[in-house]
């Protein structure tokens, strides 16, 4: 496998970003390259992984906060949890992962009061 220094990969991603790709798409490209180089190192094709020093870009939420507030105000408790997990956030609502009494993994959130 040809050697691709970190600066060349970063330059490629920067060109793609300037070309109009979203941060999320550039992150998917970088994730694919990271996987490629991880496998190449395991299989002995490369000695180092030039993607190790590259970091993902900050991605924008696809759901504007005001719309998410309106959506969550209409949700039942169980639906609220699913929507918060899918959105990955809701203000300061903690997301808890633990084991239930039956030993199964449980995921829960603490729903704020309805006075939004």
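Derivation of every value follows stated rules applied to the coordinates shown; laboratory data play no part. Remember, it's a predicted structure, so these values are computed and weren't measured experimentally. Neighbour counts are summed over all protein chains in view; Cβ atoms, including those assigned to glycine, are modelled from backbone coordinates with ideal geometry.
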statement: Full extension between residue 24 and residue 57 adds, at 0.36 nm per residue less the Cα distance, a length in nm of 11.1 nm
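Compute the FRET efficiency between residue 41 and residue 79 as 1/(1 + (r/R0)^6), taking r as their Cβ-Cβ distance and R0 = 35 Å, and round to the nearest 0.05.
The formula returns an efficiency of 0.20 here.
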query: If one computes the Cα centroid of the range 49-83 and of the range 16-30, what distance in Å separates the two points?
result: 18 Å
message: Give me the percent relative contact order of the range 17-69, please, defined on Cα pairs under 8 angstrom at least 6 residues apart.
response: 37 percent
field: FRET efficiency for residue 10 and residue 86, using Cβ-Cβ distance with R0 set to 41 Å, rounded to 0.05
entry: 0.85
